[in-house]
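Trainee: Structure provided below as structure tokens; questions to follow.
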Amino acid sequence: MGKPSQLKRSLGFGAVVVIVIANIIGSGVYKKVAPMSAELHSSGWILCCWMLGGIITLFGALSNAEVAGLLADTGGEYVYYKKIYNRFFAFIYGWSLFTIIQTAAISSLAYVFAQSLGGMIHMPSVLPGLKDINVAGVFYPFADFSIKLCAILLIFLFTIINSLGIKIGANFSRIILALVISAILVIVIFGLSSSNAHVSQAFRFQTDNASPVRFSSVFTAMLAAFWAYQGWAAIGFIGGEIHDAKRTIPLGIARGVLLVIAVYLLVNATYLSLLPTTELTRISGGQNTIAAIAAIKVFWGKGGVIFLSVLIAVTTMGCTHATILASCRTYYAMALEGLFFRPAAMLNSAEVPAGALFYQGAWACVLVLSGTFDQLTDMLVFAVFIYYGATALGVFILRKKMPDAPRPYKVWGYPVVPAIFILFCVALFFNTLVSRSREAVIGLVLIGSGVPFYFWFTRGSKRQQV
């Protein structure tokens with residue numbers, strides 16, 4: 001590791017779109033249709049939630065794009081919030097990324113990768129005698145320890161790979177994404193053309209248990225969908241390494257999110273054409289069962305299971321890699337200002353913030369041990385939408401603060417689009433407090449843990465002022 005220096009702008013528009021999509025398409029596209037079915041019991045409502053989740057995500061992405069076009073730099077929202085709000089709020093955001101949002105995303109993706117790999121090859125039990133050890137009856141760090149150990153090894157591997165240079169990482173993402181999109185289209189084409197597919201089944205709005213669909217259930221199901229859409233804002237973290245970032249980032253975000261919405265609607269309609277919601281609800285209750293594998297098994301049998309297991313492994317591997325690549329840049333930006341652990345400000349010989357990478361990797365491994373996939377994703381979605389709402393609010397604040405500043409992109413539908421997104425973020429916050437109280441409280445505790453760290457990191461500057 002060397003001395004702090006300047007990151008280089010080496011990524012163009014194509015790389016931006018690839019990194020946006022690669023940060024989004026991960027485990028959710030294969031797994032989240034099952035918990036959504038358990039909430040809604042209606043295939044038509046499930047697709048509505050995927051569509052609504054996509055539209056709301058697009059509204060948030062367009063709002064974010066205006067702010068990024070104005071303020072783009074390494075660190076993403078951390079940089080934006082210093083200008084919109086203040087240094088303290090920006091730090092709490094960066095701390096939230098580190099303690100829960102991005103590290104929990106890395107952990108969850110690596111966890112699903114390990115699950116899918118475990119479905120293809122036998123993983124011997126590791127420390128089975130410790131599986132019942134728990135923390136407060138919530139976290140069982142040694143349960144399924146062979147799966148968790150595999151996830152930890154993947155995080156460690158990609159932390160090393162990403163320390164070799166950002167262009168190496170971006171090119172790796174291109175290759176993985178091309179394989180993933182091609183394979184998903186194969187599933188859609190063969191699945192919908194199969195004699196076992198009942199396309200009309202995917203658009204039924206009647207519930208399988210004859211119960212009404214509640215407003216709270218729609219929100220809770222959308223929480224699952226939002227995990228699948230989560231990740232698009234990560235492109236802002238590497239703003240200091242993108243050519244003409246203020247123009248390229250907004251265009252890349254919009255293009256990437258629209259493509260992902262189309263892919264998600266197609267593939268989830270395929271799952272729902274092959275499997276009834278009763279079967280998907282049963283799958284949701286299984287700890288290590290993945291909905292997409294059950295769907296492809298309907299028309300391809302054992303060969304399809306192997307195909308999809310490989311695809312899930314490749315997809316989650318690629319998304320884990322992309323998330324590791326982008327996320328550490330925020331901690332680097334914070335450390336340069338004395339608001340994070342000092343070694344995180346150092347670039348290595350490949351001009352990569354290797355210190356920030358390894359801090360990130362270490363905490364992500366701890367989160368792998370802490371909980372199940374759904375616990376982690378519900379915590380991070382709850383936390384991230386607090387900040388998505390803050391960024392959308394920033395559109396209004398910056399138009400007042402900086403009315404004459406050049407804006408390469410202005411959000412379509414202003415002021416309605418950002419206002420709708422802000423209201424949705426508020427509603428999701430309170431709904432999660434009620435429907436997923438444990439995950440919400442844990443998320444708030446992790447966010448709040450940044451307050452004492454802020455005063456600890458700034459203690460030196462306060463002494464100098466005195």
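The values are calculated or read from the model by the stated rules, or taken from the named source; none is laboratory data. Worth saying up front: this structure is predicted, and the values here are computed from it rather than measured. Positions of Cβ are generated from backbone atoms using ideal geometry, with glycine treated the same way; all protein chains shown enter the neighbour counts. Please note that ligands, DNA and RNA were not included when accessible areas were found on the heavy atoms of the full protein model with its side chains. Shrake-Rupley method; radii C 1.70, N 1.55, O 1.52, S 1.80 Å.
Trainee: Please go through the residue pairs Lys31/Lys297; Lys31/Lys131; Lys167/Lys246; Lys131/Lys302; Lys246/Lys401; Lys31/Lys302 and name each one whose alpha carbons sit more than 26 Å apart in this structure.
Mentor: Pairs exceeding the cut-off: Lys131/Lys302.
Trainee: Could you pull the accessible area for Leu258 with a 1.4 Å probe, rounded to 10 Å²?
Mentor: Surface open to solvent at Leu258 totals about 100 Å².
Trainee: Moving to a separate point now. Could you tell me how many degrees, from 0 to 90 and to the nearest 10, lie between the Cα long axis of helix 13-24 and the main elongation axis, the longest principal axis, of the Cα atoms of the chain?
Mentor: Between the helix axis and the principal axis of the chain, the angle is about 60 degrees.
Trainee: Same structure, new question: Going by average Cβ density within 10 Å per residue, which order do the peptides 210-219, 151-160, 62-71 take, highest to lowest?
Mentor: Ranked from most to least packed, the peptides come out as 62-71, 151-160, 210-219.
Trainee: Now, a different point. Which whole-Hz couplings ³J(HN,Hα) result when phi for each residue of the stretch 160-169 is put into the Karplus expression 6.51 cos²θ - 1.76 cosθ + 1.60, θ = phi - 60°, listed in order with x for Gly and Pro?
Mentor: Taking θ as phi minus 60°, the curve returns 5, 4, 6, 7, 8, x, 6, 5, 4, x Hz for the stretch 160-169.
Trainee: Hey, another quick one. In percent, how large is the relative contact order of the stretch 376-428, given Cα pairs closer than 8 Å and 6 or more residues apart?
Mentor: For the stretch 376-428, the relative contact order is 57 percent.
Trainee: Report, in degrees rounded to the nearest 10, the 0 to 90 angle that the Cα long axis of helix 215-229 makes with the longest principal axis of the chain.
Mentor: Roughly 70 degrees, rounded to the nearest 10.
Trainee: Further question: Could you calculate the contour length gain from Phe430 to Ile168, that is, 0.36 nm times the residue separation minus the distance between their Cα atoms, to one decimal place in nm?
Mentor: On the way: separation 262, 0.36 × 262 = 94.32 nm, distance 4.15 nm.
Net length gain for the segment: 90.2 nm.
Trainee: Can you order the peptides 247-257, 301-311 by their average number of other Cβ atoms within 10 Å per residue, highest first?
Mentor: Taking the mean over residues of other Cβ atoms within 10 Å, the ranking is 247-257, 301-311.
Trainee: Can you list residues from other chains, or at least 5 along the same chain, whose modelled amide H is less than 5 Å from the amide H of His198?
Mentor: Leu274
Trainee: Work out the charge dipole of the chain with +1 on the Cβ of Lys and Arg and -1 on the Cβ of Asp and Glu about the Cα centre, then indicate which of Tyr409, Gly256, Met120 is farthest towards its positive end.
Mentor: Among Tyr409, Gly256, Met120, the one farthest towards the positive end of the dipole of the chain is Tyr409.
Trainee: While we're on this one: Once neighbouring chains are kept in place and the probe is 1.4 Å, which whole percent of the accessible area of the stretch 258-412 is contributed by carbon and sulfur?
Mentor: 67 percent
Trainee: Any idea what the relative contact order of the stretch 288-381 is, in percent, if you count C-alpha pairs under 8 Å spaced at least 6 apart?
Mentor: 15 percent
Trainee: Starting from the Cα of Met402, step 7 Å along the direction of its Cβ; do the same at Asn86; then give the gap between the two resulting points in nm.
Mentor: Computed distance between label sites Met402 and Asn86 equals 2.0 nm.
Trainee: So with the 1.4 Å probe, I'd like the accessible area per residue for the chain, rounded to whole Å².
Mentor: That works out to 39 Å² per residue.
Trainee: In degrees, nearest 10, range 0 to 90: what is the angle between the Cα axis of helix 437-448 and the longest Cα principal axis of the chain?
Mentor: The angle comes out at about 20 degrees.
Trainee: Stretch Val126-Trp456 to full length: gain in nm at 0.36 nm per residue minus the Cα-Cα span?
Mentor: 114.9 nm
Trainee: Obtain the nm distance between the two label points defined at Ser194 and Ser449 by a simple spin-label model: each point lies 7 Å from its Cα along the Cα-to-C-beta direction.
Mentor: Going by the 7 Å Cα→Cβ label model, 4.3 nm.
Trainee: When the helices in the chain are scored as -39500 (n - 2.57) per DSSP H run of 4 or longer and the sum is shared across all residues, what 222 nm value do you end up with, to the nearest 500 deg cm²/dmol?
Mentor: My calculation for the chain gives -23500 deg cm²/dmol from helical runs alone.
Trainee: Amide H of Ile238: which non-local residues (sequence gap of 5 or more, or other chain) have their own amide H closer than 5 Å, using H built in the peptide plane?
Mentor: Close amide H contacts, sequence-distant or interchain: Gly75.
Trainee: Which whole-number percent gives the relative contact order of the stretch 327-424, counting Cα pairs below 8 Å spaced six or more residues apart?
Mentor: 16 percent
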